[in-house]
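Below is one structure, written out as structure tokens; comments come after it.
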Amino acid sequence: MTQYPSSLGIDPAERKGGLSARPRFDLREVDGILLKLLANAGLSWLSANQQTVNALNVFPVPDGDTGTNMVLTMQAACREIANGHERNIGKVAHAIAQGALMGARGNSGVILSQLWRGFSRSLDQRPRMNSSDIVSALKAARDTAYQGVVRPVEGTILTVASDAAQAADEAQAKNSTPLQMLEQVVEAADRSVQRTPELLYVLREAGVVDSGGKGLFFILEGMLRVMRGESVDQPSTTVQPLSAVQILEAEELVEPGQDYEVVVDFRPDRPLDLETFYSDLQKMGTSIQVGQGEDLYRMHIHVPTEKRYRPVDYIMKLGSVSKVSIENLLEQTALSNRKQSKGNYRLAAVAPGQLASVVVAPGEGLARVFASLGAAAIVPGGQTMNPSTQEILKAFEDLPSDQIILLPNNKNVHMTAQQAKELTVKRVMIVPSGTVPEGIAAMLAFCAEGRLEIVAQAMTQALSNVQTGEITVATRDVELNGLQVKEGQMIGLLNGELAVSGETLQETLERLLEHGRAQSCELIALYWGSDLTASEAKTIEEKIRSKYPTQEIELIEGDQPHYPLILSLE
Amino acid sequence: MTTGGNAPLGSICISRRAIASLASQAALQSYGVVGMAARGYFEGFIRAPARDPRQGVEIRYEGDEICIDLFVVLEYGTRIATVARSIADTVHYQIEHTLGLPVREVNVHVQGLRVSNTD
């Protein structure tokens with residue numbers, strides 16, 4: 001790149017800007033040789049950021065990844081001009097367009113080739129291009145690209161191309177040099193990319209920006225970088241919006257030796273020189289991410305134990321630190337592993353000819369309880385997440401037995417259960433359990449060796465041995481059974497009927513127990529939900545134990561959503 | 001007409017015309033397509049003036065699966081093979097995604113090219 005012929009008029013004054021080996025190209029005119037350099041820079045920069053673009057692809061068609069497709073298209077374009085030293089920009093542009101056309105891969109590649117086609121057409125036979133030629137070339141690129149489709153979809157690469165042309169037009173009004181113009185264009189393309197989710201619903205839904213648009217941005221930015229004399233080989237170390245810093249995901253990638261995660265929020269005193277900032281941080285650790293909010297930066301890094309205070313000290317020198325968090329990753333990973341392992345329950349093995357039971361259960365804890373009682377398959381589901389017929393059918397089909405007892409454990413699941421029963425060739429009996437405690441009572445009567453009808457009958461009878469209490473939060477104001485309930489209050493249901501309400505969980509639980517005549521029961525089982533912690537559940541248990549000293553109290557981790565407590569009274 | 005599975009409260013019927021509209025919309029939004037083509041003088045005569053969504057779209061069933069034939073006009077100067085491939089992908093995806101019915105094949109017939117500008 002340093003071999004750029006001086007005859008093209010690079011002002012020596014411009015070159016002194018950097019003692020770096022790379023020249024800046026702040027020229028009045030661009031010729032074929034510079035265009036070749038720019039196209040190659042666009043390709044290099046796009047390749048360096050290829051994975052970033054690929055990661056944005058939300059359209060799950062076998063079209064392949066947008067980043068890869070655009071890189072392949074640009075490669076074909078650059079191959080076409082690889083061996084030439086043509087000075088005439090029109091000819092070079094035509095060769096690029098021809099190469100892009102022949103090598104266009106994927107939808108984004110086709111659009112990219114159309115952009116080049118329009119661009120080249122406006123430069124027909126011109127030896128060089130000045131600022132106003134760039135404007136018309138970018139406009140022609142946009143027009144040609146839009147011509148290629150009946151219903152252009154906005155929020156895509158087309159929008160970005162259009163905004164880029166618009167920015168060039170505005171820069172032209174200020175009598176900009178090509179470099180200044182490109183700066184404006186890149187900035188506009190960046191804004192345009194950020195705007196794509198506002199224009200296109202699928203992007204908003206997936207929480208990403210458009211991949212093709214981002215690819216075009218990288219091509220343009222690559223061109224700008226080479227004109228400024230910056231490198232185009234290292235992947236982008238640009239600052240992402242604060243919300244995009246994926247600290248949780250980074251947590252999963254703990255490299256050995258990088259035990260501590262340090263997150264620092266800070267306000268730099270001077271504008272941050274990102275390249276130095278990154279390279280300094282790289283000396284300390286890995287998984288570096290920097291996010292920017294309103295003049296606040298957030299830095300995230302993984303460092304070895306002995307270097308855990310280094311990033312903080314370093315950043316203190318750059319500005320004022322507002323928040324520091326240091327966490328031991330190994331400890332956290334161990335914790336989260338422990339949390340996951342509680343999901344491992346062992347389902348009952350079924351021999352052919354035996355009865356198998358399929359149970360619908362909300363929450364890991366309840367699944368484990370059912371598994372310990374001999375359930376052969378668990379279908380996750382319950383009050384607000386009814387399982388599909390498909391899921392239940394699949395559970396039937398995966399079992400080696402052709403005689404199955406199904407416990408739906410929720411009234412809302414009964415219909416689905418019935419459908420699944422009708423659709424399978426296996427013999428299925430449904431024990432109509434309406435709640436989890438009923439299901440557990442029924443499961444106690446299950447016997448894998450018995451005859452299907454007899455076992456199902458025994459289980460159905462067992463249903464009535466138990467009363468079910470459920471405590472949850474009212475989702476709306478309601479007046480029912482003489483009770484007035486406000487949205488947000490705790491409510492207690494006894495056997496599916498609204499029975500009591502209260503302000504706190506404890507209060508509601510006590511009222512519900514009274515209502516259910518817990519005094520005359522032998523056993524009170526409390527299944528605590530995912531909204532509670534173990535210690536909260538323990539406190540509740542102790543209070544109930546002191547209130548009902550003659551009853552046996554069991555506390556079981558149910559892990560069900562939405563219901564802080566499910567209780568069974570026997 | 002086809003039934004879209006057994007819903008609990010009855011069956012769902014989706015007409016070929018409806019499927020054709022979806023396919024045609026998806027095709028017209030894919031890059032490189034500048035129009036749907038009539039397959040003959042007769043069809044052009046009766047459908048084009050009414051902007052019938054079935055223009056250039058043919059829907060068949062093979063068992064429970066849908067086969068779609070699309071007759072399109074593409075922009076001159078695009079890479080035809082890539083554009084056609086991408087139309088097939090888009091239509092295939094859109095139909096399966098919106099209807100939940102399996103699509104066996106999407107055949108793209110390029111009936112013509114529109115030359116907007118000559119290079």
From the residues in segment A:111-126 that are at pLDDT below 90 and of a type outside the set (Lys, Arg), which one is farthest from B:Val115 (Cα to Cα)?
A:Gln125
Within segment A:147-173, can you find the residues that are part of a helix (DSSP H, G or I), in contact with a Leu (Cβ under 8 Å, 6 or more places away or on another chain) and at the interface with chain B (Cβ under 10 Å from one of its Cβ atoms)?
A:Ile157
Exactly one of (1) within 24 Å of A:Tyr548 (Cβ to Cβ); (2) surrounded by 17 or more Cβ atoms within 10 Å (Cβ to Cβ) is unmet by A:Met459. Its number?
(1)
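Table: residues versus (1) hydrophobic (A, V, I, L, M, F, W, C); (2) within 20 Å of A:Ile219 (Cα to Cα); (3) surrounded by 24 or more Cβ atoms within 10 Å (Cβ to Cβ); (4) outside the structural domain of A:Asn69 (by TED's automatic domain parsing).
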{"residue": "A:Arg126", "(1), (2), (3), (4)": "no, no, no, no"}
{"residue": "A:Thr144", "(1), (2), (3), (4)": "no, yes, yes, no"}
{"residue": "A:Val150", "(1), (2), (3), (4)": "yes, no, no, no"}
{"residue": "A:Ala171", "(1), (2), (3), (4)": "yes, yes, no, no"}
{"residue": "A:Thr196", "(1), (2), (3), (4)": "no, yes, yes, no"}
Go through segment A:376-393 and count every residue that is outside any loop (DSSP other than H, G, I, E, B) and modelled with pLDDT of 80 or more.
9
Over segment B:71-88, the set of residues part of a helix (DSSP H, G or I) and out of contact with any helix residue (DSSP H, G or I) (no Cβ under 9 Å at 6 or more places or on another chain) is B:Ile80, B:Ala81, B:Ala84, B:Ala88
How many residues does segment A:81-101 contain that are surrounded by fewer than 20 Cβ atoms within 10 Å (Cβ to Cβ) and within 11 Å of chain B (Cβ to nearest Cβ)?
1
Do any residues in segment A:462-484 that are free of Cβ contacts under 8 Å to residues at least 60 places away in the same chain have Cβ atoms under 8 Å from those of residues that are among the basic types (Lys, Arg), where the two are at least six apart or on different chains, and which pairs are they?
A:Ala474/A:Lys486; A:Asp477/A:Lys486
Report yes if B:Tyr76 is surrounded by fewer than 20 Cβ atoms within 10 Å (Cβ to Cβ), more than 9 Å from chain A (Cβ to nearest Cβ) and aromatic (Phe, Trp, Tyr), otherwise no.
yes
Can you tell me which condition A:Ser341 does not meet? The list is (1) under 29 Å from A:Glu449 (Cβ atoms); (2) modelled with pLDDT under 80; (3) not β-branched (Val, Ile, Thr), and all the others hold.
(1)
Which of (1) part of a strand (DSSP E or B); (2) modelled with pLDDT under 90 is the odd one out, the single condition A:Ala462 does not satisfy?
(1)
Please determine, by comparing only the residues of segment A:49-63 that are within 14 Å of another protein chain (Cβ to nearest Cβ) and out of contact with any Leu (no Cβ under 9 Å at 6 or more places or on another chain), which one is modelled with the lowest pLDDT.
A:Pro62
Mind checking which residues of segment A:102-119 are buried (at least 24 other Cβ atoms within 10 Å of the Cβ), at the interface with chain B (Cβ under 8 Å from one of its Cβ atoms) and assigned to a helix (DSSP H, G or I)?
A:Gly106, A:Asn107, A:Gly109, A:Val110, A:Ile111, A:Ser113, A:Gln114, A:Arg117
Please go through segment A:428-459 and pick out each residue that is within 41 Å of the chain's Cα centre (by Cα) and part of a helix (DSSP H, G or I).
A:Val436, A:Pro437, A:Glu438, A:Gly439, A:Ile440, A:Ala441, A:Ala442, A:Met443
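The values are calculated or read from the model by the stated rules, or taken from the named source; none is laboratory data. The shown structure was predicted, so the numbers you read here are calculated from the model rather than taken from an experiment. Note that each Cβ is placed from the backbone with ideal geometry, even for glycine, and that neighbours are counted across all protein chains shown.
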